[in-house]
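The values are calculated or read from the model by the stated rules, or taken from the named source; none is laboratory data. What you are looking at is a predicted structure, and each value in this text was computed from that prediction instead of being measured. No Cβ is skipped: glycine too gets one built from the backbone with ideal geometry, and neighbour counts run over all protein chains shown.
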Amino acid sequence: MAKIDIATVKEMIGCGYPKPFDLPCVKRGRRRLGDAAGLSQFGVNLMRLPPGAWSSQRHWHSHEDEFIHVVQGEVVLITDGGEEILRAGDCAGFPAGKKDGHQLQNRSNGDALVLEVGTRSKDDNTEYSDIDMLFDSTAGGYTHKDGRPYAR
């Protein structure tokens, strides 16, 4: 049977960022629906952002496309071009290699649900636009932009 019972997919709370960069994301929840379906070529997550939570630090990917669709609630999309409000039914995409950092913030009074879809590339590196951090796939973790690793 291909149907996924979303309620049975464990919600992972927080993120793997080194301190203090994790703080805006500690209440973020993700259900890895693509993993539950056994997908290997792209990931699909149902992300829950409670009021005040961020999806991530502002970032862009070297080898991964990303697409988001707001299922419920309201979020603020922040890119190099500024801020815009996305509401249920709105969507946005972020092509691999485009150096335009993006993130979502929930500034509303209720939870937001966002469907995230992205490529799974073992060669991907992620650069964080506003902070001294990279995710280096060859190093297997977070580093400063000069290559020094963050403590794990």
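Only one of these is hydrophobic (A, V, I, L, M, F, W, C) and in contact (Cβ under 8 Å) with a residue 24 or more places away in the chain: A151, A88. Name it. Show your work before the answer.
Numbers: A88 fails: in contact (Cβ under 8 Å) with a residue 24 or more places away in the chain.
The match here is A151.
Give the residues of the stretch 64-100 that are part of a loop (DSSP other than H, G, I, E, B), touching a His at 6+ places or on another chain (Cβ under 8 Å) and farther than 19 Å from N45 by Cβ, sorted by residue number.
If the condition is that a residue be part of a loop (DSSP other than H, G, I, E, B), touching a His at 6+ places or on another chain (Cβ under 8 Å) and farther than 19 Å from N45 by Cβ, then G97 is the only one that fits.
Here's the yes/no breakdown for (1) in contact (Cβ under 8 Å) with a residue 24 or more places away in the chain; (2) of a type outside the set (S, T, Y); (3) over 18 Å from L115 (Cα atoms); (4) touching a Ser or Thr at 6+ places or on another chain (Cβ under 6 Å):
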position: K19; (1), (2), (3), (4): no, yes, yes, no
position: P24; (1), (2), (3), (4): yes, yes, yes, no
position: A36; (1), (2), (3), (4): yes, yes, no, no
position: A53; (1), (2), (3), (4): yes, yes, no, no
position: H59; (1), (2), (3), (4): yes, yes, no, yes
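Which one is nearest to the chain's Cα centre (by Cα) among residues in the stretch 1-23 that are closer than 18 Å to L46 by Cβ and assigned to a loop (DSSP other than H, G, I, E, B)?
Ranking the candidates gives C15 first.
Just the residues that are assigned to a strand (DSSP E or B) and in contact with a Gly (Cβ under 6 Å, 6 or more places away or on another chain), please, taken from the stretch 24-55.
Answer for the stretch 24-55, where residues must be assigned to a strand (DSSP E or B) and in contact with a Gly (Cβ under 6 Å, 6 or more places away or on another chain): G43, V44, R48.
Pairs only if they're at least six apart or on different chains, beta carbon under 7 angstrom, first in the stretch 108-133 and under 14 Å from S56 (Cα atoms) and in contact (Cβ under 8 Å) with a residue 60 or more places away in the chain, second in a loop (DSSP other than H, G, I, E, B) and basic (K, R); list them, first residue then second.
Between residues of the stretch 108-133 that are under 14 Å from S56 (Cα atoms) and in contact (Cβ under 8 Å) with a residue 60 or more places away in the chain and residues that are in a loop (DSSP other than H, G, I, E, B) and basic (K, R), the close pairs are Y128/R58; S129/R58; D130/R58.
Per-residue answers, yes or no, for (1) over 24 Å from G141 (Cα atoms); (2) surrounded by 14 or more Cβ atoms within 10 Å (Cβ to Cβ); (3) at pLDDT below 95; (4) among the acidic types (D, E):
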{"residue": "A2", "(1), (2), (3), (4)": "yes, no, yes, no"}
{"residue": "L33", "(1), (2), (3), (4)": "no, yes, no, no"}
{"residue": "F42", "(1), (2), (3), (4)": "no, yes, no, no"}
{"residue": "M47", "(1), (2), (3), (4)": "no, yes, no, no"}
{"residue": "A53", "(1), (2), (3), (4)": "no, yes, no, no"}
{"residue": "Q57", "(1), (2), (3), (4)": "no, yes, no, no"}
{"residue": "S62", "(1), (2), (3), (4)": "no, yes, no, no"}
{"residue": "E74", "(1), (2), (3), (4)": "yes, yes, no, yes"}
{"residue": "I78", "(1), (2), (3), (4)": "yes, yes, no, no"}
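Of the residues that sit in the stretch 113-152 and are among the basic types (K, R) and within 16 Å of E64 (Cα to Cα), which one is nearest to the chain's Cα centre (by Cα)?
Selected residue: R120.
Is it true that some residue in the stretch 97-108 is in contact with an Asp or Glu (Cβ under 6 Å, 6 or more places away or on another chain), farther than 21 Å from Y17 by Cβ and crowded, with 17+ Cβ neighbours inside 10 Å?
Yes, the stretch 97-108 contains at least one residue that is in contact with an Asp or Glu (Cβ under 6 Å, 6 or more places away or on another chain), farther than 21 Å from Y17 by Cβ and crowded, with 17+ Cβ neighbours inside 10 Å.
Being within 15 Å of Q103 (Cα to Cα) and assigned to a loop (DSSP other than H, G, I, E, B) is the filter here; which residues of the stretch 122-150 pass it?
Correct list: S129, D130, I131.
In the set A112, A151, which member is aliphatic (A, V, I, L, M) and at pLDDT below 95?
On the way: A112 fails: at pLDDT below 95.
Only one candidate qualifies: A151.
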